[in-house]
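Q: Let me begin by handing over the structure; questions about it come next.
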Amino acid sequence: MPARRQIGRRGFLRGFLNGAAAIAGSPHLVPASALRAEGPTAPSDTITVACIGTGWQGGNNVKSMLEEPGVRLLAVCDIDARHLESAKSAVDQKYENRDCKTYHDFEEVLARADIDAVVLSVPDHWHGIVSVRAAEAGKDIYGEKPIAHNFAEAKAICEAVDRHGRVWQTGSWQRSVSQFRHACELVRNGRIGKVHRVEVGLPGGLTDFDGLGHLDAPAPPPPHLDFDRWLGPAPEAPYSPARVHKTWRWNLDYGGGMLMDWVGHHVDTAHWGLGLDDTGPLEVEGHGEFTSTNRVWNAPAKFRVTATYAGGLTMVISGGYDDIRRGAKWIGEEGWIWVDRSGIEAQPRNVLGSRILPEEIHLERSSGHHHNFIECVRTRRQTLTPAHVALRSATPGYLGLISILTGRRIRWDPVKQEILGDPVAERWLQRPMRSPWHV
Amino acid sequence: MSKILISLLCAFAAEAGRPASLEPLLEKIAAYEYGQSREPLVEFDAYVRGSLARGEKLDGLEMRLIQFLKARTTLAAKDFACRELSLIGTAASAPALAAMLPRAETSEMARYALERIPGPEAAEALRKALPGASGRTRVGIVNSLGERRDARAVPLLRPLVISRDAAVAEAAAAALGKIGGKAAAAALDAALVRTSDPQRTRVAAAYIRCADGMAAGGDRAGALRIYARLGIPGEPPMIRVAALRGLARTAGKGAIGPLSREIESSNRLVQTAAIRFLAGIPGPEATAALVEAVPRLPAEGRVIALSALVTRGDAAGRQLLVDALNSGAPAVRLAALEGLGKLGDESSVLVLAGAAATREGAEQAAARESLYALGGAGIDPAIVKAIGSTKGKVRIELIRAAGERGIAAATDALLAGARDPDREIRRESVRALRETAGVSSAKSLLDLMLAAEGASERREMGRTLAAVLKKSGNPPIGLVVAAYQSAQAIPLRAALLEVIGQTGSGDALPVLRSGLQADHREISRTAILALSDWPTPAPMSDLLPVARSDPDPANQVLALRGYLKLVALPSGRTAAETARLLSEAMALAKQPGEKKAVLALLPGFPCQESLQVARASLGDATVAGEARMAVDRISRALSIKKESR
């Protein structure tokens, strides 16, 4: 492998960015005069990355970035000291040094001029703030799904990414898995005829991932967790183990239940198969079942959302009920195709063997979701799941949740992306943030 | 319970048409503390939801909640009330909420409601509270005014943009950016010269946001002035980037000149953004500007520019891609190879085939992918023609491409290739025929198989023949069966039997079944394997006796494994019926491998019967671990089923 030229990608930025953190000691600086020279070796530089949020999926993202060729993970950031330590340990082990810096505050990470991109694996209620700040700071972003806690913050992310010319990849990694792409290509190319219905089966319930759900009474926060910072823009509330790591999903101040946790996967797949990346439903109606057995968890444990699209297409998103199988199932005039992580099925079966011809619709192939992101950071191409697509994928979930919580049928203008004729429902598109936070 | 609360409850009960059932509920909520059961809150939410769904007026309920705020209810109860009011509150709630703003313990929850409640009263409450507020409360109110896009707040926010309190100053800048309009823009413009970084950068960012709003509202000239002011060198790079983006969106073709200049910026963030924004402007002028700029860019910039040209889909970029194939920079060459897959035409066929034949690694892979992906009616004929006129590795790449693209018209050329003296050409041709040949070529393929040299080539040919036969809904295997019955050499007979099995044709089953009885081991084994790979569970009853009593122990194991594969296929059986079949299989399993296979299947059919089968293996030390896992998984599945019922 040819030696990589130690080009000053960072060198471009040094001396130009105001307020940048010191980057002394960076091994990648070269004089500006050398920056435009085309050397004999590959001009593609190492992409430097920081991971903000390193618990659970954040830890998985750290590992993925460590495996990614041409990427150097320079820093990790978390407000849980244990998560932080674990992440740093993984990085140090991989690189066999202790160079990886640790941070408590994401602002300090974003201020580093020597970091090209960030991977954000923070709870949903933080997505908007960190993502917008990252875009403003000139970082390309891999952001976990759903894109944001609510519609307004998702829209703010899209605007910030667009305004600052950033590359964004959503963690909707199913688009990088061949069976999902195959299923979507078959549907897009009419192998089952015109699709009139799509069934999206999501998990239901309020999973007690680590068995801490019963610890829902107020308690002093542990010393390794900065709980006030963890709350961030969410309203004041007492700490309890059931409120935080993983199971924050079941409190609507931080997440959106299973509906919003999975909308960025199977609804995203459903949209991809139907070519709906730039549009949305016309009407959404949802119902949910709530329990009060847990003192912190208030998301619906079961839900069914019906979204109607132009042309008479109906999407049913169901969680916690047995009648719709997990995954995405498109039902057309000439058959159906179902896909999930466990497999792909179709009726008639021979649809699956159908070849997509060169002149038909070919969906982008990916050799890995993180890899796709890094490639696009280099080429500035649009990723498989850019921000505006993630917003569209999440919208049936946002509107479905509003309908569940208000009991009202929501009419939606997919062009203006506005609720029609319902000022009460409109209020639910955003949520006020605790001071000093704003997006 | 406080007197106020009692009177409120009475008033509520007196309201016409209201049921009295809410009183106990509201009493509980009044005393709610975090950590208590959420049941009353859930009930109340359900009540509100039902009312909203029915489109009922909620004035009375709003009044109740307002009184909650004034009464001696817990802070948690007040917080709950504020959240409810944020959704159903009206101007009537503003005074009570305003009264809560100055107090630290209630300010946030009050603001939560005021930010959402529409109408001038809520906005005025926030504005009135601002001068007297301090610290986080003050910042919060500023944020809420920004979120409400309250234009009347601009005079209040204007002095705050240059406040010495950094948090207030930042919030004020952001709020003005959201509010937008001429007054906000003027305030930000004035602040630009009176602030220094980091606040100045925030002011500039907000100013850009104002400009974006102005552009969207039709004031293009006003927006362009701001973009021009902030897009110049000397401004922070991300501000310049935002300004260039605004310029590109607002000025359209008018932005081509400035963006073309910025493409040569020494600042990478600005340079790459300029390329991207230029690529977003439609029309040949923007393409020409990109094409013209590419040769002057460093390698990194050229990669981005080439990718941008490809994204535009403008054929004017094609020659640049071809030229870039010989760049000294690998990333540029790679970008060019990838790009040709989208922008290429017939002339690209030999270029890409040549690259696929001579390059390595990522470039070779990109050349192949692009060759397979080339679009246009002339591509397939060009590939077919080139197969006949090329040699060596280039020809092999073209043969591969014919297969990947499924070019039916290449079948004759590939059949010729399957007889070529070069072994690699023969192999690739045979593989490609799987995708290109139709059932009408079955005889030719059978002849090739019968004439194949060596087991390996015969096997490849057999796979091709089977694949082609399967393309018919009812594979016509008569020719193959006749050949099988008349063949003398055992290896050839076995290979033909394998093909018959691979077709999955209903006519194949009797042939395979008779193969089970064959004297020769190779034939019977081939029959077992073919039945094991059957697409439906139909041959289960053929394999079970073999698993039970075939004189050859190896055949017994193969048959049992095949049986298990078929049991796992979709069927109309109940879980209990499948569990019984697996129990039968477990009784025949002599080796740990087969027992583990049964245990791995059991959880897929959770029922008491499968649990019993798994439990029975707990005492077998060779598979105890797997048995325990199966018992756990089945038990969990059964308990989930019970819960959901």
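Q: Look at B:A627 and say whether it is part of a helix (DSSP H, G or I) and either over 30 Å from A:K302 (Cα atoms) or β-branched (V, I, T) (or both).
A: Spelling it out, B:A627 is indeed part of a helix (DSSP H, G or I) and either over 30 Å from A:K302 (Cα atoms) or β-branched (V, I, T) (or both).
Q: Restrict the check to the range B:56-72 and report whether at least one residue is more than 29 Å from A:G288 (Cα to Cα) and at pLDDT 95 or above.
A: no
Q: Among the residues of the range B:161-177, is there at least one that is more than 11 Å from chain A (Cβ to nearest Cβ), out of contact with any Gly (no Cβ under 7 Å at 6 or more places or on another chain) and free of Cβ contacts under 8 Å to residues at least 24 places away in the same chain?
A: The answer is yes, given that some residue of the range B:161-177 is more than 11 Å from chain A (Cβ to nearest Cβ), out of contact with any Gly (no Cβ under 7 Å at 6 or more places or on another chain) and free of Cβ contacts under 8 Å to residues at least 24 places away in the same chain.
Q: When only residues in the range A:208-221 that are in contact (Cβ under 8 Å) with a residue 24 or more places away in the chain and in contact with a Ser or Thr (Cβ under 9 Å, 6 or more places away or on another chain) count, which is nearest to the other protein chains (Cβ to nearest Cβ)?
A: A:A217
Q: Then there is this: Return the residues of the range A:350-364 that are within 11 Å of chain B (Cβ to nearest Cβ) and not in a loop (DSSP other than H, G, I, E, B); say none if nothing qualifies.
A: A:N350, A:G353
Q: Another question about this same structure. If I go through the range B:262-291 residue by residue, how many of them are within 11 Å of chain A (Cβ to nearest Cβ) and surrounded by fewer than 20 Cβ atoms within 10 Å (Cβ to Cβ)?
A: Of the residues in the range B:262-291, 3 are within 11 Å of chain A (Cβ to nearest Cβ) and surrounded by fewer than 20 Cβ atoms within 10 Å (Cβ to Cβ).
Q: Still on this model: Would you point out the residue of the range B:558-581, among those that are touching a residue at least 12 places away in the same chain (Cβ under 8 Å) and assigned to a loop (DSSP other than H, G, I, E, B), that is farthest from B:L516 (Cα to Cα)? Full working, then the answer.
A: Filtering the range B:558-581 down to residues touching a residue at least 12 places away in the same chain (Cβ under 8 Å) leaves B:558-569, B:571, B:574-576, B:578-581.
Cutting the leftovers down to assigned to a loop (DSSP other than H, G, I, E, B) gives us B:568-569, B:571, B:574.
Details: B:A568: 22, B:L569: 22, B:S571: 24, B:T574: 29 Å.
Once the filter is applied, the top-ranked residue is B:T574.
Q: Kindly indicate which of B:T137, B:T201 is polar (S, T, N, Q) and over 27 Å from B:E105 (Cα atoms).
A: Of B:T137, B:T201, the one residue that is polar (S, T, N, Q) and over 27 Å from B:E105 (Cα atoms) is B:T201.
Q: Which count do you get for residues in the range A:286-317 that are within 13 Å of chain B (Cβ to nearest Cβ), in contact (Cβ under 8 Å) with a residue 24 or more places away in the chain and either closer than 19 Å to A:R188 by Cα or not acidic (D, E) (or both)?
A: Counting residues in the range A:286-317 that are within 13 Å of chain B (Cβ to nearest Cβ), in contact (Cβ under 8 Å) with a residue 24 or more places away in the chain and either closer than 19 Å to A:R188 by Cα or not acidic (D, E) (or both) gives 13.
Q: Quick one: which of B:A362, B:A308, B:A324, B:A329 is buried (at least 19 other Cβ atoms within 10 Å of the Cβ), within 14 Å of chain A (Cβ to nearest Cβ) and either within 26 Å of the chain's Cα centre (by Cα) or within 28 Å of B:R249 (Cα to Cα) (or both)?
A: B:A308
Q: Run down B:E577, B:E584 and say which single residue is under 30 Å from B:T526 (Cα atoms), exposed (fewer than 15 other Cβ atoms within 10 Å of the Cβ) and of a type in the set (D, E).
A: Sole residue among the options that is under 30 Å from B:T526 (Cα atoms), exposed (fewer than 15 other Cβ atoms within 10 Å of the Cβ) and of a type in the set (D, E): B:E577.
Q: Report yes if some residue within the range A:379-390 is in a loop (DSSP other than H, G, I, E, B) and more than 13 Å from chain B (Cβ to nearest Cβ); otherwise report no.
A: Yes, the range A:379-390 contains at least one residue that is in a loop (DSSP other than H, G, I, E, B) and more than 13 Å from chain B (Cβ to nearest Cβ).
Q: While we're here: Picking from A:Q347, A:Q417, which residue would you name as being of a type outside the set (F, W, Y) and either over 21 Å from the mean Cα position of the chain (by Cα) or within 9 Å of chain B (Cβ to nearest Cβ) (or both)?
A: A:Q347
Q: When you scan the range B:369-455 for helices (runs of 4 or more DSSP H) that lie fully inside it, which ones turn up with 3 or more residues that are touching an Asp or Glu at 6+ places or on another chain (Cβ under 6 Å)?
A: In the range B:369-455, the matching helices (runs of 4 or more DSSP H) lie at B:392-405.
Q: Do the conditions hold for B:E338, that is, is it closer than 27 Å to A:D45 by Cβ, facing another protein chain (nearest Cβ under 9 Å) and either touching a residue at least 12 places away in the same chain (Cβ under 8 Å) or of a type in the set (F, W, Y) (or both)?
A: Here the answer is yes, as B:E338 does meet what is asked.
Q: Evaluate the following for B:P510: is it farther than 26 Å from B:V481 by Cα and surrounded by fewer than 13 Cβ atoms within 10 Å (Cβ to Cβ)?
A: It is false that B:P510 is farther than 26 Å from B:V481 by Cα and surrounded by fewer than 13 Cβ atoms within 10 Å (Cβ to Cβ).
Q: Inspect all residues belonging to the range A:172-183 and state whether any of them is more than 15 Å from A:V267 (Cα to Cα) and among the charged types (D, E, K, R).
A: No, the conditions are met nowhere in the range A:172-183.
Q: Any idea which of B:L259, B:L224, B:L247 is assigned to a helix (DSSP H, G or I), modelled with pLDDT of 95 or more and more than 13 Å from chain A (Cβ to nearest Cβ)?
A: Step by step, each of B:L259, B:L224, B:L247 is checked, and only B:L224 is assigned to a helix (DSSP H, G or I), modelled with pLDDT of 95 or more and more than 13 Å from chain A (Cβ to nearest Cβ).
Q: Output the qualifying pairs, or none if there are none: Cβ atoms under 6 angstrom, residues six or more apart or on different chains, first residue in the range B:604-627 and modelled with pLDDT of 95 or more, second residue among the β-branched types (V, I, T) and not in a helix (DSSP H, G or I).
A: Going by the 6 Å Cβ cut-off, the qualifying pairs are B:S617/B:V623.
Q: Confirm whether B:T201 is closer than 28 Å to B:R127 by Cα, in a helix (DSSP H, G or I) and polar (S, T, N, Q).
A: Spelling it out, B:T201 is indeed closer than 28 Å to B:R127 by Cα, in a helix (DSSP H, G or I) and polar (S, T, N, Q).
Q: For the structure I just gave you, tell me whether B:I500 is hydrophobic (A, V, I, L, M, F, W, C), assigned by TED's automatic domain parsing to the domain that holds B:W534 and at pLDDT 95 or above. Working first, answer last.
A: Numbers: hydrophobic (A, V, I, L, M, F, W, C): yes; assigned by TED's automatic domain parsing to the domain that holds B:W534: yes; at pLDDT 95 or above: yes.
The answer is yes for B:I500.
Q: If you check B:S21 against the conditions, is it at pLDDT below 90, more than 21 Å from A:R431 (Cα to Cα) and of a type outside the set (V, I, T)?
A: Here the answer is yes, as B:S21 does meet what is asked.
Q: So if I check each of B:L41, B:L26, which one is within 14 Å of chain A (Cβ to nearest Cβ) and in a helix (DSSP H, G or I)? Spell out the reasoning first.
A: Details: B:L26 fails: within 14 Å of chain A (Cβ to nearest Cβ).
After applying the criteria, what remains is B:L41.
Q: Identify all residues within the range B:292-302 that are at the interface with another protein chain (Cβ under 9 Å from one of its Cβ atoms) and among the aliphatic types (A, V, I, L, M); write none if there are none.
A: B:L297, B:A299
Q: What are the residues in the range B:64-114 that are among the basic types (K, R) and not in a helix (DSSP H, G or I), if any?
A: Matches in the range B:64-114: B:R72, B:R103.
Q: Among residues belonging to the range A:271-285 that are of a type in the set (G, A, S) and assigned to a loop (DSSP other than H, G, I, E, B), point out the one that is nearest to the other protein chains (Cβ to nearest Cβ).
A: A:G275
Q: Only residues that are within 15 Å of B:R116 (Cβ to Cβ), surrounded by fewer than 21 Cβ atoms within 10 Å (Cβ to Cβ) and away from chain A (no Cβ under 14 Å): list them for the range B:67-98, please.
A: Answer for the range B:67-98, where residues must be within 15 Å of B:R116 (Cβ to Cβ), surrounded by fewer than 21 Cβ atoms within 10 Å (Cβ to Cβ) and away from chain A (no Cβ under 14 Å): B:A92, B:A98.
Q: Checking A:S367 against (1) over 28 Å from A:R166 (Cβ atoms); (2) part of a loop (DSSP other than H, G, I, E, B): exactly one of these is not met. Which one?
A: It fails just one condition, (1).
The values are calculated or read from the model by the stated rules, or taken from the named source; none is laboratory data. Only a predicted model underlies this, so the values are computations on that prediction, with no experimental measurement involved. Neighbour counts run over all protein chains shown; Cβ positions are idealised from the backbone, glycine included.
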